1. Which condition does residue 51 not pass, out of (1) in contact with a strand residue (DSSP E or B) (Cβ under 8 Å, 6 or more places away or on another chain); (2) over 28 Å from residue 118 (Cβ atoms), if it passes all the others?
2. How many of the residues making up segment 128-147 are farther than 20 Å from residue 169 by Cβ and either touching a strand residue (DSSP E or B) at 6+ places or on another chain (Cβ under 6 Å) or surrounded by 15 or more Cβ atoms within 10 Å (Cβ to Cβ) (or both)?
3. Of all residues in segment 136-150, which are part of a loop (DSSP other than H, G, I, E, B) and modelled with pLDDT of 95 or more?
4. Look through segment 8-26, keep the residues that are out of contact with any strand residue (DSSP E or B) (no Cβ under 9 Å at 6 or more places or on another chain) and not in a helix (DSSP H, G or I), and return whichever of them is modelled with the lowest pLDDT.
5. Among the residues of segment 116-135, which ones are within 18 Å of residue 91 (Cα to Cα), free of Cβ contacts under 8 Å to residues at least 24 places away in the same chain and either touching a helix residue (DSSP H, G or I) at 6+ places or on another chain (Cβ under 7 Å) or assigned to a helix (DSSP H, G or I) (or both)?
């Protein structure tokens, strides 16, 4: 994973190709992933267009792989699979959720004096770093803490039930948690199609010789 504090900094190009690194593009990408009216092929093309001005060397397959990498902030694609057995990864926010969007806007104004409707550009990785480190005094930070809280560790029964009720109030739709896997599936599906096409070409070439 790339580190914001090291010399690499925030990527503005991938494989020498300029990218649309603004956080708004990745929110649009999430909306594309959630749109059931779009076919997987259309989602792939539209998703790549949210990041790249032009396809990088390696074509569409490489573009989807790098889209997955950028969307996950350079994290390993199998990071979730390395979680301890029985430990569920809980996403703390949904950028396409109206309630969360309002809370995020207010929290950025409160904590960082950033107006997300006026700022012309904010890198996706920087946006997420700020979001995930909001001070506890913001309503959004409190929502995220509730969502990730392991209420089973609360010993007092009344308090445990209280927190369960609060979690239900701020619970996110299942689609939010499914997005990282959708991105992985997009990359896997495209890689599989390329492999099948190459195998078919090799088979045809073998028949001709």
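The values are calculated or read from the model by the stated rules, or taken from the named source; none is laboratory data. From a predicted model like this one, the values you see are computed outputs, not experimental measurements. In this analysis, Cβ positions are derived from the backbone assuming ideal geometry, glycine residues included, and neighbour counts consider all displayed protein chains.
1. If we test residue 51 against (1) in contact with a strand residue (DSSP E or B) (Cβ under 8 Å, 6 or more places away or on another chain); (2) over 28 Å from residue 118 (Cβ atoms), just (2) comes out false.
2. At the first step, the residues of segment 128-147 found to be farther than 20 Å from residue 169 by Cβ are 128-133, 135.
Next, from what is left, pick out any that are either touching a strand residue (DSSP E or B) at 6+ places or on another chain (Cβ under 6 Å) or surrounded by 15 or more Cβ atoms within 10 Å (Cβ to Cβ) (or both): 128, 130-131.
Number of matching residues: 3.
3. 136, 137, 138, listed by residue number.
4. Initial filter on segment 8-26 (out of contact with any strand residue (DSSP E or B) (no Cβ under 9 Å at 6 or more places or on another chain)): 8-9, 15-16, 24, 26.
Subset that is not in a helix (DSSP H, G or I): 8-9, 15-16.
Working: 8: 69, 9: 83, 15: 96, 16: 95.
Among those residues, the one meeting the criterion is 8.
5. Once the filter is applied, which keeps residues that are within 18 Å of residue 91 (Cα to Cα), free of Cβ contacts under 8 Å to residues at least 24 places away in the same chain and either touching a helix residue (DSSP H, G or I) at 6+ places or on another chain (Cβ under 7 Å) or assigned to a helix (DSSP H, G or I) (or both), segment 116-135 yields only 130.
The rows are residues; the columns are (1) at pLDDT below 95; (2) assigned to a loop (DSSP other than H, G, I, E, B); (3) in the same structural domain as residue 147 (by TED's automatic domain parsing).
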position: 2; (1), (2), (3): yes, yes, no
position: 6; (1), (2), (3): yes, yes, no
position: 28; (1), (2), (3): no, no, no
position: 64; (1), (2), (3): yes, no, no
position: 102; (1), (2), (3): no, no, yes
